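The values are calculated or read from the model by the stated rules, or taken from the named source; none is laboratory data. Note that the structure is predicted; figures quoted are calculated from it, not measured. Using ideal geometry, Cβ is built from the backbone for each residue, glycine included, and neighbour counts are taken over all protein chains shown. Note: areas computed on protein heavy atoms with side chains; ligands, DNA, RNA excluded. Shrake-Rupley method; radii C 1.70, N 1.55, O 1.52, S 1.80 Å.
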Amino acid sequence: MDSLSNPPSMSNADMATTEAKISPPSRSASSNANVTKRLQTELMNLMMSSTPGISAFPNDENLLKWTATIDGPADTPYAGLSFKLSFDFPTTYPLTPPTVLFKTPIYHPNIDFSGRICLDILKDKWSAIYNVQSVLLSLQSLLGEPNNSSPLNGQAAELWDSDPAEYQRLVLARHRDDEETEL
Amino acid sequence: MDHQSLVFASVFPVPALSHTTPTPISTPELGFTAPGQSFGGPFGGASAGGQHREVKRNLAWSTATRFLSLPKLPYDEGHLGAGVVHIHKGKDVVDALEYLLVGEGQGEEGKEESLVDWYTNEVRIHFVSYVHPALRSIWDNEIACQNAWGALEETQQILQQVQQLYLQPFNSHILPILEHESANTTSSTIRLDTTAEDQHMFASWKFQRDLHGLFAHALPPQRFSKTLSYVLYNAGCRLFRVYVDNGLGFVGGDVLDDVPKLRESILQLLRGLQSVGLGEEQAQKAFAHAMDKLMGSFIVSHYMKVDWFSRKPIINHLRQWVKDGFSPLVRQVMEVLADEPHSVQASDVQQWQDMAIGRLGRARVENLFDFIINWDKSLGAILDIKEYLKMPGAKVNLSNSFSHQVSRRLLHAGATTTFILNVYIYVIRAFNELEPNGVLLERAARPIRRYLKGREDTARIVISSLLTDVEDENAAKFGPTSEISHEIAAEMQKPIASFAQEQDDDLNWSDMNWQPHPMDASPDYRKSKVEDVIWFLLTLYDREDFINELKQILGDYLLRGHDPEYEKETRLLELIKLRLGDDKLQACEVMLRDVLESNRINASINGEKKPDEPAKPVPITPSPHTPSTNQAQPRTPAAPQARYPAPITPIAALTKKPPADHTLNAQILSSFFWPPLREDNFHVPAPIATLQREYEARFERVKGMRKLRWLPSLGRTKIELHLTDRTVEAEVQTWQASVIYAFQQPLPSSPPPANRRGHTLNSKDQGESRTVPQLVEMLEMDDALVRNALVFWVGMGVLQEVQPDVYAVLETLPKPSAADITATDTAGNPTTSTAVVAAAAAAAAAELQPSGVVSTTEQLAQNKPLYRQFVVGMLTNQGNMPPARVLMMLKMVVPGGFPYGVEEVRALLEELVEEGKVGGVGDVFGVRK
């Protein structure tokens, strides 16, 4: 889990910069095709590996917007809950990270009330070797192991250590299930 | 007027009997005396002269009108025109006429009726009362076509006569006076010359005009022009020998052959009509109408025939006709009708020709589909249409009409794909002739292409046809219902112009021959420089799709190939490469090399084994392999041997009975490049397994520790079965051979007693028997495959099904006589029916023979786990959706596409519902949490 949320940054960072230099600035059409190709591969891998607790799928044919689902890890305040996220891939993906937002309201030290996430690998530590699956796994582990040193939600960071019961209550109070009817 | 009154009148001028004179002659009005004047004085003032004139005019009027009035006789041909001459034109009459017409008695403008007016009126009344009824008897009812000519003639005669009747008094009595007067005036006053001259001309012209107006009015205008136009049309038909199939025949059909006479008589009639004022505009209109129709009929009658043999267009002939046949007639008729020399302008002729071509073209276009089907015997017709395309609007008409025809006659379930493909090829060829730049073709072919794309078997047929050799296949294969299109196969033989691929000509700045696209081209128009039918077919699909399909079919061909050199396949692959480009066909090349290489390896391995034996590669059992591990990236530049990705698995061949000298040949395939192959696994007969191991060992030695993975089900083998009364030789598939071999092997364990009971039923003719479960167990073979093989052997007459699921070897064939004669075999052994069933089963088995390459349905089963993942992932993240949307998403996101329809998706969803992973309400499915 550690390695996922805090990957060894050295080699990855190197790689990202090198590739950034190589990539030609223009020719958006071909780069678009590359993004699509890459995303298709990722989707295929995701489908084939079928890691329990995480799942993602494109919204439409252009593949640049996905919706993902994370199940809260057991033995955390989030156990039994599931969260929807949106992925928005830039055309420069995988050289730049996707924009990831929590769509389901969530109470968490590193996630603000609009669903924005403070996670290094989605910001400056991003590397082209990450993919949807690794991002989702990182986020899943982030639920269990928040980084309380740089919180977006100060109250949550405080409560995490001081009052787990209250924290749990707030998590459940904030969580909303999908409006979608159960079938 | 009777004679008596005429006499009386000549002595005592009395008012005309038919007219009352407004003022009595005996008591002239003297006027009143003005106040202050002497009463009754002889010079009663200025008015006296006027009064005097009034009286005189009345007298003259009376005389003149009496003289001029027309005979009051009902119209009757015999008498008409006779009555007038009897009236004596006395001095008094002449005076009266002169007085009224040119003298003081001339009607004052707007106040008094002039004599000419009166006469016109008189004529009118006469016409209405006496002549009109006669005309009405002709015109009141619809004129039958046969009588049209007669009616016109009769009308014309009547009118001519009455016209004469009316004109005669006018011309002989009124006009000379007017003329005389104008002559006088001319001599005296030069100044008035023109006016006077005009005046009498005007009077004459006006009278005639009134008369003609009267005549024209007397006839129902529409009926008249219809009749006239029919007569003209009919005459035209006869002149030009148009065959009209209206069942009415011709008027006076016997004159059919005398063209000059006919022409003269029609002109005569027209002249007559013209002279009584029925010509002019109305007749011209009717004539135009007739000619219009005539042209249509003429084209239908003479030019609809397509010259299937000389393949020449008939447009030129049509042009000729318009110029030399049609327009002279128009000119002649117009000369008559317009009363003036009428010259046909060159531009008019041109216009008529265009009209004619337009009509011919439209008629041709209506049958375009037939011409296409009969291409290229229909070349003449196509060339006609080509000419027609120069007309404005023709292209639109053509593409509309053609796509209508195509959708009605071609693009429906009743047409086989082969047929549609053939028609498509004809369309390409024919349209290429029609319009070489291809815009029209693109438009016309779009529906066909769209439809072909929708057909499942299109790609298969195209490619198998491409792989078929026209020359050595027997012609029977190319029926309309077969899977092979002869046209495509033939097309493949043609030399290929180099297929410059994907070059964007518009970006080639140095192309000095660049031309803009035709202005009616659609945005995705691409200029095809060559008429390359194959190109059109290959562009039906995305190149990738096509190559995938090609791989499938080529793989099947190669695995089945009997020719050890694979000459045909090599050649065809080269041809396809030229068209599709080398780069994309790498996989196919590898496939071909695999099989060729395998031959070499077989030779070397088998040669090593038995150097003395001639390398006779008789029993080939090809079998592919697939990489068993997915460890290595199959193609990395580093690995020079990329063609043989790590694990290679060939399969062995088996030969059966004499185990001594059989040879095993393997096909070593690079699984990465091959389409998915059938992977059923089962136990091959022990001797073969030994051979396989030996082969494997040698191969590993030759090929540096490469592993083989055997795909037993793809092999073929030659076997010989020695039965009690016969020997059966056959070349069969490995799984079939394995099944029959299993009858020779001892049963592994003590067979369950239930199976034994089967034997008790057997007659002494029967050998070993096995049940289906036994075989499945022994061979570890798929149940379906076992049954398939059993059916095959039953069909071959080697096995028979003695009980359901129990098969026994038929050691001796039942005697045919015994089988045929009923009730001979009372043992209840249903030999006869068995034989029949067996024959049917054999046929079925032949169809069932699975090909080496996995079909799409089988792929569905294979890929189901993947698809299920996709569906679950989709429903988890995107929420609930109906199957149609699931299908759409699958098509978009599954790599390589999702070749199935909504039915398969629904089945998949139902399956998931049963497993509880998914819930469904109505038509909407969602993940169950």
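Shielding of B:890-899 by partners, i.e. mean partner chain Cβ atoms within 10 Å per residue?
3
Might you work out the accessible area of B:D457 for me, using a 1.4 Å probe with all protein chains in place, and round it to the nearest 10 Å²?
Per-residue accessible area (B:D457): approximately 40 Å².
With a 1.4 Å probe and all protein chains in place, put B:E700, B:E720 in order of accessible area, largest first.
Accessible-area ranking of B:E700, B:E720, largest first: B:E720, B:E700.
How many Cβ atoms of partner chains, on average, are near each residue of A:84-92 if near means within 10 Å of its Cβ?
The per-residue average across the peptide is 1.
Could you give the length gained by full extension between B:L262 and B:W205, i.e. 0.36 nm per residue of separation minus their alpha carbon distance, to one decimal place?
Residue separation times 0.36 nm, minus the Cα-Cα distance, leaves 17.3 nm.
Suppose every Lys and Arg Cβ carries +1 and every Asp and Glu Cβ carries -1, with no other charges. What dipole size does the range A:31-178 come out with about its Cα centre, to the nearest 20 debye?
The calculated dipole for the range A:31-178 is roughly 440 debye.
In the structure shown, do any of A:K37/B:K584; B:K386/B:K551; A:K84/A:K123; B:K312/B:K568; B:K206/B:K261 have a Cα-Cα gap over 29 Å, and if so which?
B:K386/B:K551; B:K312/B:K568; B:K206/B:K261
Hey, if you put +1 on the Cβ of every Lys and Arg and -1 on every Asp and Glu Cβ in the range A:31-178, which of A:G144, A:I117, A:P97 ends up farthest toward the positive end of that dipole?
Going by the Cα projections, it comes out as A:P97.
Give me the residues in the range B:907-929 whose solvent-accessible area, probe 1.4 Å, is reduced by at least 20 Å² once all protein chains are included instead of the chain isolated.
Listed in order, they are B:V921, B:R928, B:K929.
For the range B:448-462, list residues with backbone N below 18 Å from a point placed 7 Å from the Cα of B:K891 toward its Cβ?
From the range B:448-462, the list is B:448-459.
How would B:H317, A:H108 rank on accessible area, largest to smallest, probe 1.4 Å?
B:H317, A:H108
Heavy atoms only, probe 1.4 angstrom, no DNA, RNA or ligands counted: give me A:C118, B:C237 ranked by accessible area, highest first.
Most to least solvent-accessible, the answer reads A:C118, B:C237.
For B:E915 and B:K285, what is the calculated FRET efficiency with R₀ set at 51 Å and r taken between the beta-carbons, to the nearest 0.05?
Here the calculated transfer efficiency is 0.05.
Taking the Cα centre of the range B:856-927 as origin and charging only Cβ (+1 Lys, Arg; -1 Asp, Glu), how large is the dipole, in debye to the nearest 20?
280 debye
P(r) for the range B:856-927, please, calculated from all Cα pair distances in 5 Å bins and given in %.
Over the range B:856-927, the share of Cα pairs per 5 Å bin runs 3, 17, 35, 28, 13, 4, 0 percent.
Around B:Q733, which amide H atoms from residues at least 5 apart in sequence, or from another chain, sit under 5 Å from its own amide H, with H modelled in the peptide plane?
Here the answer is B:T717, since their amide H atoms fall under 5 Å of that of B:Q733.
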